[in-house]
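The values are calculated or read from the model by the stated rules, or taken from the named source; none is laboratory data. Fair warning: this is a prediction, and the values are worked out from it, not measured in the lab. Every residue, glycine among them, receives a Cβ derived from its backbone with ideal geometry; neighbour counts consider all protein chains shown.
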Amino acid sequence: MSNFPVFDPQKITNDVEANIKRMTSILKSKRLTREDEDLMKMINDCSKVLHEMLLERIMLQQDSIQFFTEKEASDSPFSNSADTIDEDDDKKIKSRRLTKKQLLVLEGWFQKHKNHPYSQKDQTNLLIKSTKLSKSQVQNWISNRRRKEKNTKVSPELAALLLTG
């Protein structure tokens, strides 16, 4: 199985499905005692429950990203006018800043994964899709956000000094 706290839904799904198939084939063999059969059925039932929980978690993760995307879109009365800045009447250049919508989605993901803020491939792809940013932009934003979080935390030793002073 995958290692906690890394959440790789594809690996977990593959592992659970393989275990369910194995359990089913063992249950169909006739060389098991009644006690063995009961134990295997309980394990099989547990595997199915875990599989359902995994599917639910994946759906919740996708729904939360979609929610942040839709919420910001419905809250904003403006179009993506922040994406471009007028240089001349004929020429437009891309803004280097992210839109509020993009920041809301990325920040929402970061807050949800604050204990382990390292995106997996599927999470990165969802963020790319929902923010319309490139892979490197998403990865850089997450990396910069981790650094910002680390730099804003005060060490316990320093906190004690600040409180006494």
Q.
Scan the stretch 7-19 and tell me whether some residue there is in contact with a helix residue (DSSP H, G or I) (Cβ under 6 Å, 6 or more places away or on another chain), surrounded by 14 or more Cβ atoms within 10 Å (Cβ to Cβ) and at pLDDT below 75.
A. yes
**Q.** Long-range neighbours under 8 Å by Cβ, at least six apart or interchain, first residue touching a residue at least 60 places away in the same chain (Cβ under 8 Å) within the stretch 107-135, second among the hydroxyl-bearing types (S, T, Y) and assigned to a loop (DSSP other than H, G, I, E, B)
**A.** L127/S119
